[in-house]
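As structure tokens, the structure follows; a few thoughts come after it.
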Amino acid sequence: MRAVVLERKGVLSIRDIDLPRTVGPHDVKVAIDTVGICGSDVHYYTHGRIGDYIVNAPMVLGHEAAGVITETGDAVSDLKPGDRVCMEPGVPDMQSRAAKLGRYNVDPAVRFWATPPVHGILTPFAVHPAAFTFKLPDTVTFAEGAMVEPFAIGMQAAARARIVPGDVAAVIGAGPIGIMVALAALAGGCSKVFISDFSREKLAIAGRYPGIEPVQIADETLASAVARATDGWGVDVLFEASGNARAFAGMFGTVRPGGAVVLVGLPVEPVAFDVANAIAREIRIETVFRYANIFDRALALIASGKVDLKPLITGTFAFDDSIAAFERAASGQPADVKIQIRLGAGKVR
Ligand code: ZN
């Protein structure tokens with residue numbers, strides 16, 4: 001089967017590769033229509049590793065996908081061929097202690113698409129457990145279906161924050177995940193969400209959404225913009241979505257006493273932060289690793305029309321142009337949020 005294969009750091013090809021394709025009793029086979037390129041896909045391409053996950057063998061990329069079911073296992077009753085679906089890319093060991101706690105995202109044995117040594121799904125067909133496959137309502141396009149995965153991270157962050165209606169929040173970093181976090185925080189009840197970045201283009205995209213207030217950090221720090229808007233009190237929730245070590249320096253000063261900091265961005269190196277400041281004001285610190293039991297909720301919000309992710313899709317490439325799509329994503333165009341690759345399940349079925 002043809003696939004977009006990361007051969008090793010910096011080398012991509014579109015070629016045939018042998019992938020296990022047996023449909024088990026609880027599995028579905030999906031003809032892939034659309035795959036979004038994630039920051040992690042690009043990072044494996046340009047750096048060959050993320051932390052301890054190292055690309056030691058050719059690996060198929062891609063984990064943000066939507067498509068059409070072509071086959072179902074004998075024990076699958078709630079999905080059928082022809083159903084349009086999106087897939088949650090991480091499959092835990094359902095017998096694990098983490099899975100029994102409902103926190104299957106932190107199961108050490110979780111198998112997540114395009115995370116070494118697990119292949120991704122930039123390929124015409126994928127086999128996946130039905131339990132991690134979600135039917136798209138008619139109003140949700142394949143392109144939006146492929147946005148459920150990154151939006152689920154924003155949703156997990158909003159859930160971890162335990163937002164109360166009317167909260168004011170701030171997000172550090174206006175990349176795809178930062179914007180998704182801001183949108184999830186608004187959907188979760190925030191009255192206003194500040195978002196800070198250097199990139200004027202990214203802030204302009206985020207600022208088109210009512211309720212999101214962009215802060216250009218060359219003009220004014222986030223802490224100062226927040227202090228001005230809240231009479232020096234601070235935001236109820238601060239989301240860190242940049243992964244930039246420098247963001248941690250003044251972080252706690254932006255949060256109100258008793259507020260929360262939610263860490264979403266992944267710093268490359270360990271970072272220092274001001275524990276005394278956090279303790280003195282009893283700041284609650286939460287972390288986000290992917291998501292658990294969130295995909296259906298993310299999809300429901302998109303289907304309801306309350307969250308419109310379509311403006312974030314800033315480029316669409318054909319499967320044969322996948323390498324160009326990765327080049328574009330790796331070049332980090334300031335006005336790009338999400339690049340997608342269209343395989344077109346209709347054609348390959
Ligand atoms: Zn992703």
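The values are calculated or read from the model by the stated rules, or taken from the named source; none is laboratory data. Note that the structure is predicted; figures quoted are calculated from it, not measured. A quick note on method: Cβ atoms are made from the backbone with ideal geometry, for glycine too, and the neighbour counts reach across all protein chains shown. Note: accessible area is taken over every heavy atom of the protein model, side chains too, but ligands, DNA and RNA are not part of it. Shrake-Rupley method; radii C 1.70, N 1.55, O 1.52, S 1.80 Å.
Quick rundown of the values:
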quantity: Test: residue in segment 63-80 that is closer than 30 Å to PRO270 by Cβ and within 18 Å of the chain's Cα centre (by Cα); calculated: yes
quantity: Residue within segment 56-68 that is modelled with pLDDT under 95, closer than 26 Å to TYR291 by Cα and within 16 Å of the ligand (Cβ to nearest atom) present; calculated: no
quantity: Verdict on ALA159 being surrounded by fewer than 24 Cβ atoms within 10 Å (Cβ to Cβ), part of a helix (DSSP H, G or I) and touching a strand residue (DSSP E or B) at 6+ places or on another chain (Cβ under 8 Å); calculated: no
quantity: In segment 312-332, the residues that are exposed (fewer than 14 other Cβ atoms within 10 Å of the Cβ) and either modelled with pLDDT under 95 or hydroxyl-bearing (Ser, Thr, Tyr) (or both); calculated: SER331, GLY332
quantity: Residues (part of a loop (DSSP other than H, G, I, E, B) and either within 14 Å of the ligand (Cβ to nearest atom) or on the phi > 0 side of the Ramachandran plot (or both)) located in segment 21-55; calculated: ILE37, CYS38, GLY48, GLY51
quantity: Some residue of segment 98-105 being among the aromatic types (Phe, Trp, Tyr), within 16 Å of the ligand (Cβ to nearest atom) and either open to solvent by 70 Å² or more (accessible area, probe 1.4 Å) or out of contact with any Phe, Trp or Tyr (no Cβ under 7 Å at 6 or more places or on another chain) (or both); calculated: no
quantity: Qualifying residue in segment 126-143 (condition: within 14 Å of the ligand (Cβ to nearest atom), under 27 Å from LEU19 (Cβ atoms) and of a type in the set (Gly, Ala, Ser)); calculated: no
quantity: Selection status of ASP18, without any contact (Cβ under 8 Å) to a residue 40 or more places away in the chain and either polar (S, T, N, Q) or crowded, with 21+ Cβ neighbours inside 10 Å (or both); calculated: no
quantity: From ALA131, ALA126, residue being out of contact with any helix residue (DSSP H, G or I) (no Cβ under 9 Å at 6 or more places or on another chain) and surrounded by 24 or more Cβ atoms within 10 Å (Cβ to Cβ); calculated: ALA126
quantity: Those residues of segment 210-253 which are in a helix (DSSP H, G or I) and closer than 17 Å to SER191 by Cβ, in sequence order; calculated: ALA225, VAL226, ARG228, ALA229
